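The structure appears below as structure tokens.
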Amino acid sequence: MSINKSDNDTQLNTIRQKVDAFKETLNTIHQQNAKQKARHKSRAKLLARERIDLLVDEGTPFIELSALAAFDQYDNQFPSAGIITGIGIINGIESIIIANDATTKGGTYVKETIKKHLRAQEIAEENNLACVYLVDSGGIFLPEQANVFPDKNDFGRIFYNQARLSGKGIPQISIVMGSCTAGGAYIPAMSDETIIVKNQGTIFLGGPPLVKAATGEEVSPEELGGGLLHTTESGVADHLADDDHHAIEICRTIFKTLPQTKNNSRQQQEAKAPLTDINDMYSEVPEPGSSVKDVKKLIDFIVDESKFDEFKANYGTTLVTGFAHINGYNVGILANNGILFSESAQKGAHFIQLCNSRNIPMVFLQNITGFMVGKEYERRGIAKDGAKMVNALANSEVPFFTIMIGGSYGAGNYAMGGRAFNPRLLFSWPNSSISVMGPQQAAEVLATVKKDQAKALGKEISEEDIAKLKEQTVESYQSQASPYYATSRLWDDGIIDPKDTRLVLSIGLSISQNKPNKKSNYGIFRM
Ligand code: COA
């Protein structure tokens with residue numbers, strides 16, 4: 001299909017607008033809670049992101065995860081869900097950092113705060129990354145307790161994970177920089193090594209108001225669970241710091257004693273920049289679900305020297321597969337260039353097996369409307385061919401990374417490394433869109449179901465009612481398919497500017513070297 005220049009210009013402007021809107025949204029999130037931030041600073045405390053800046057090695061990137069978690073929920077009172085998580089380098093060691101933002105409702109936890117905390121611990125587990133917890137939190141956000149406290153993946157899972165991670169030799173370090181109440185007290189108590197800031201950090205199972213209610217005893221927070229008490233009498237913490245700066249310095253010193261486990265065997269060659277000009281990248285960003293752009297041109301902006309060795313270039317061409325290097329790491333890339341047909345799905349399954357057998361990590365560039373439907377394709381067994389690709393991916397043991405570069409609809413989401421298939425990291429572009437099917441298709445399906453239902457009961461359904469149903473369906477699908485809706489609920493690890501794709505993939509590939517891969521075992525492939 002050919003596109004003319006004016007179509008291209010319009011699309012380019014749209015992409016630019018979407019990236020700008022994303023950056024503006026991020027900026028708004030960062031500016032939020034000005035009053036609370038001023039109060040926090042007046043207490044001689046650093047803000048969560050300032051603490052992280054000091055903790056990570058100078059000049060190294062901090063990859064923040066899910067910065068827009070809880071966006072457009074809770075009346076937007078929980079920017080970033082009140083917690084900053086991400087991947088950073090501390091004294092040369094790749095680590096996960098989890099920092100409460102005390103300026104957001106006292107650093108308390110709603111559902112998305114917990115999801116974010118648990119996801120960060122999951123990334124630590126999958127990649128053998130040390131964890132640092134910068135604790136400054138009032139624990140559970142009490143009005144939301146039913147969504148936060150009791151279930152398997154709720155608040156308690158944080159402590160379960162800490163014990164399991166420590167058991168696997170993954171270091172757990174806490175710095176108590178503020179409140180650490182009730183269940184939250186277990187974060188430092190479950191850590192391998194804990195630092196607490198004098199006259200600022202407190203750790204107690206029941207705070208002063210609870211103690212007063214339960215026993216009538218009146219006690220100050222410092223007396224009940226301050227730094228001096230915990231480092232001299234209770235032994236709940238190990239190091240007493242004078243202030244935030246000092247605490248971070250102690251933590252960085254602790255990192256000098258941590259074991260280095262990294263094996264860089266997959267970094268096969270020196271990193272070489274792509275030959276393309278990054279400023280031209282937006283021109284190749286696709287419209288969700290559209291295949292009018294050649295995805296190979298996009299790959300040129302991501303891989304070393306823009307060199308891509310294609311596999312089965314002339315077969316199943318709606319899925320592009322091939323090998324390349326990203327920052328010196330050998331990778332297998334799978335990228336959509338249209339609907340998945342039987343041939344493309346078989347080619348995908350074959351390529352995934354190749355990557356596993358050669359121990360090469362994979363990158364999925366997902367822009368998929370789904371598998372081909374229709375009588376002829378069902379007859380020829382598109383379901384079993386799609387299943388082969390899904391099966392190969394589900395049993396993959398090499399790390400893989402997914403970037404939502406356009407649309408993500410239907411079972412194509414699964415075969416192309418969707419969230420349910422455990423990509424090590426999954427990022428979305430601001431132009432992406434995700435739902436079980438496109439809004440128009442969903443509206444048509446629901447309208448047909450309603451008409452058939454009425455017909456079976458011998459009833460009539462008015463055209464007006466059908467039109468209303470369609471309109472409502474399109475509206476709700478459009479809002480729920482937005483990348484902001486998805487990222488707010490942690491269906492991804494964050495939205496990124498397409499230009500940052502190479503950077504996040506490089507970091508993902510690098511952290512994955514900390515853990516050896518198991519050998520993959522495949523299930524039964526239906527032939
Ligand atoms: N649940 C719901 N809201 C909470 C909360 C909690 N556990 N802890 C604090 N908040 C809210 C406050 O109501 C306030 O909301 P507002 O901004 O709408 O007024 C905001 O968080 C900030 O609290 P504030 O007390 O003004 O801040 P602070 O910095 O002086 O103190 C804490 C922060 C966390 C030390 C203090 O609020 C506290 O002790 N909270 C109770 C902690 C607790 O008992 N948790 C047990 C739950 S497991």
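The values are calculated or read from the model by the stated rules, or taken from the named source; none is laboratory data. Just so it is clear, the structure is predicted and the values come from calculations on it, not from any experiment. Cβ sites come from the backbone with ideal geometry, for glycine too, and all protein chains shown count toward neighbours.
From the list LYS111, LYS115, exactly one residue is closer than 30 Å to ALA34 by Cα, surrounded by fewer than 24 Cβ atoms within 10 Å (Cβ to Cβ), within 16 Å of the ligand (Cβ to nearest atom) and touching a residue at least 12 places away in the same chain (Cβ under 8 Å). Which is it?
Details: LYS115 fails: within 16 Å of the ligand (Cβ to nearest atom).
Going through LYS111, LYS115 in turn, just one is closer than 30 Å to ALA34 by Cα, surrounded by fewer than 24 Cβ atoms within 10 Å (Cβ to Cβ), within 16 Å of the ligand (Cβ to nearest atom) and touching a residue at least 12 places away in the same chain (Cβ under 8 Å): LYS111.
Can you tell me how many residues in region 436-458 are of a type in the set (Asp, Glu) and assigned to a loop (DSSP other than H, G, I, E, B)?
The first filter runs over region 436-458 and keeps only residues of a type in the set (Asp, Glu), leaving 444, 452.
Next cut, assigned to a loop (DSSP other than H, G, I, E, B) only: none.
Here the count works out to 0.
Which one of these is at pLDDT 95 or above, over 26 Å from LYS116 (Cα atoms), among the small types (Gly, Ala, Ser) and in contact with a helix residue (DSSP H, G or I) (Cβ under 6 Å, 6 or more places away or on another chain): ALA447, ALA443, ALA392? Before the answer, list the steps.
On the way: ALA447 fails: at pLDDT 95 or above; ALA443 fails: at pLDDT 95 or above.
ALA392 is the lone residue from the list that is at pLDDT 95 or above, over 26 Å from LYS116 (Cα atoms), among the small types (Gly, Ala, Ser) and in contact with a helix residue (DSSP H, G or I) (Cβ under 6 Å, 6 or more places away or on another chain).
Give me the pairs, please: first residue somewhere in region 459-472 and part of a loop (DSSP other than H, G, I, E, B), second residue anywhere and hydrophobic (A, V, I, L, M, F, W, C), beta-carbon distance under 8 Å, and either six or more positions apart or on two chains.
Short answer, once both residue conditions are applied: GLU460/ALA454; ILE461/ALA454.
So, in region 143-160, how many residues would count as being under 16 Å from ALA189 (Cα atoms), more than 16 Å from the ligand (Cβ to nearest atom) and either in contact with a strand residue (DSSP E or B) (Cβ under 9 Å, 6 or more places away or on another chain) or assigned to a loop (DSSP other than H, G, I, E, B) (or both)? If you could, list the steps in order and put the result at the bottom.
Let us first name the residues in region 143-160 that are under 16 Å from ALA189 (Cα atoms), namely 155-160.
Next, only the ones that are more than 16 Å from the ligand (Cβ to nearest atom) stay: 160.
Then drop every residue that is not either in contact with a strand residue (DSSP E or B) (Cβ under 9 Å, 6 or more places away or on another chain) or assigned to a loop (DSSP other than H, G, I, E, B) (or both), which leaves none.
Total meeting the criteria: 0.
Could you tell me how many of the residues in region 185-205 are crowded, with 23+ Cβ neighbours inside 10 Å and more than 18 Å from LEU229 (Cα to Cα)?
Of the residues in that region, 0 qualify.
From SER432, SER476, SER462, which residue is at pLDDT 95 or above and either buried (at least 18 other Cβ atoms within 10 Å of the Cβ) or not assigned by TED's automatic domain parsing to the domain that holds GLY338 (or both)? Steps first, please.
Values: SER476 fails: at pLDDT 95 or above; SER462 fails: at pLDDT 95 or above.
When all the criteria are applied, what remains is SER432.
Among GLY322, GLY316, which is assigned by TED's automatic domain parsing to the domain that holds VAL390, out of contact with any helix residue (DSSP H, G or I) (no Cβ under 7 Å at 6 or more places or on another chain) and either of a type outside the set (A, V, I, L, M) or assigned to a loop (DSSP other than H, G, I, E, B) (or both)? Quick ask: steps written out before the conclusion?
On the way: GLY316 fails: out of contact with any helix residue (DSSP H, G or I) (no Cβ under 7 Å at 6 or more places or on another chain).
Only one candidate qualifies: GLY322.
Please find, among LYS296, LYS307, the residue that is closer than 12 Å to LEU365 by Cα and of a type in the set (D, E, K, R). Let's see the steps before the verdict.
Details: LYS307 fails: closer than 12 Å to LEU365 by Cα.
Answer to the check: LYS296.
Give region 31-70 a look and list any residue that's in a loop (DSSP other than H, G, I, E, B), within 16 Å of the ligand (Cβ to nearest atom) and either at positive phi or surrounded by 15 or more Cβ atoms within 10 Å (Cβ to Cβ) (or both), or say none.
First pass over region 31-70, keeping only residues in a loop (DSSP other than H, G, I, E, B): 32-33, 43-47, 56-62, 66-70.
Those left that are additionally within 16 Å of the ligand (Cβ to nearest atom): 32-33, 43-47, 70.
If the condition is that a residue be in a loop (DSSP other than H, G, I, E, B), within 16 Å of the ligand (Cβ to nearest atom) and either at positive phi or surrounded by 15 or more Cβ atoms within 10 Å (Cβ to Cβ) (or both), then GLN32, ASN33, ALA44, LYS45, LEU46, LEU47, ALA70 are the ones that fit.
State the number of residues belonging to region 71-80 that are within 13 Å of the ligand (Cβ to nearest atom), exposed (fewer than 15 other Cβ atoms within 10 Å of the Cβ) and either among the hydrophobic types (A, V, I, L, M, F, W, C) or in contact (Cβ under 8 Å) with a residue 60 or more places away in the chain (or both).
0
Does ILE97 satisfy the criteria of being assigned to a strand (DSSP E or B) and in contact with a strand residue (DSSP E or B) (Cβ under 7 Å, 6 or more places away or on another chain)?
Working: assigned to a strand (DSSP E or B): yes; in contact with a strand residue (DSSP E or B) (Cβ under 7 Å, 6 or more places away or on another chain): yes.
In short, yes.
Does region 99-106 contain at least one residue that is in contact (Cβ under 8 Å) with a residue 12 or more places away in the chain, of a type in the set (Lys, Arg) and within 16 Å of the ligand (Cβ to nearest atom)? Break it down stepwise before answering.
If we filter region 99-106 for residues that are in contact (Cβ under 8 Å) with a residue 12 or more places away in the chain, which is where we start, we get 99-106.
Applying the additional criterion that residues be of a type in the set (Lys, Arg) yields 105.
Checking which are within 16 Å of the ligand (Cβ to nearest atom) leaves us with 105.
Within region 99-106 (the criterion being in contact (Cβ under 8 Å) with a residue 12 or more places away in the chain, of a type in the set (Lys, Arg) and within 16 Å of the ligand (Cβ to nearest atom)), the answer is yes, since at least one residue qualifies.
Tally time: how many residues in region 198-219 are in a helix (DSSP H, G or I) and either of a type in the set (S, T, N, Q) or more than 14 Å from the ligand (Cβ to nearest atom) (or both)?
Start the filter on region 198-219 by keeping residues that are in a helix (DSSP H, G or I), which leaves 208-215.
This time we only want the ones that are either of a type in the set (S, T, N, Q) or more than 14 Å from the ligand (Cβ to nearest atom) (or both), so: 215.
Selection size over region 198-219: 1.
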